[in-house]
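Laboratory data are not the source of any read-out in this text; all were calculated from the coordinates shown. None of these values were measured; they are calculated from a predicted model. Don't worry about glycine lacking a Cβ; one is built from the backbone with ideal geometry, like all the others, and counts go over all protein chains shown.
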Amino acid sequence: MEYGYCLADFSILTPVETSQCVVASLIPQDVATQIRWHTRGLVRNGGSEKDLKHTVDITTAITDALGLKIASPIPEYHEVSN
């Protein structure tokens, strides 16, 4: 299975929901470049500032509860919406 097939199948999740899942899975991995790319993808797929905030808030609450330290910056909406 190729990468694109996983991200392009919208039969279950919408493009925004798929992007939220990808961003949420990247944050605990602490991979700055991929977080930025896929955060921008969330916005390009129609995600709102609220969608991004909820994704980041939930994910960081989980990583905090697990004691994971995230060094990578997580872009804010205005940084990726242009």
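At-a-glance table
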{"quantity": "Tally of residues being within 18 Å of Glu79 (Cα to Cα) and more than 9 Å from the chain's Cα centre (by Cα) across the range 38-60", "calculated": "12"}
{"quantity": "Whichever residue in the range 12-61 is polar (S, T, N, Q) and not in a helix (DSSP H, G or I) and, among such residues, is farthest from Asn82 (Cα to Cα)", "calculated": "Thr14"}
{"quantity": "Tally of residues being buried (at least 16 other Cβ atoms within 10 Å of the Cβ) and not β-branched (Val, Ile, Thr) across the range 47-70", "calculated": "3"}
{"quantity": "Enumeration of residues in the range 62-76 that are of a type in the set (D, E, K, R) and either within 16 Å of Val22 (Cβ to Cβ) or in a helix (DSSP H, G or I) (or both)", "calculated": "Asp64"}
{"quantity": "Where Pro73 falls short, out of the listed (1) surrounded by fewer than 12 Cβ atoms within 10 Å (Cβ to Cβ); (2) more than 13 Å from the chain's Cα centre (by Cα)", "calculated": "(2)"}
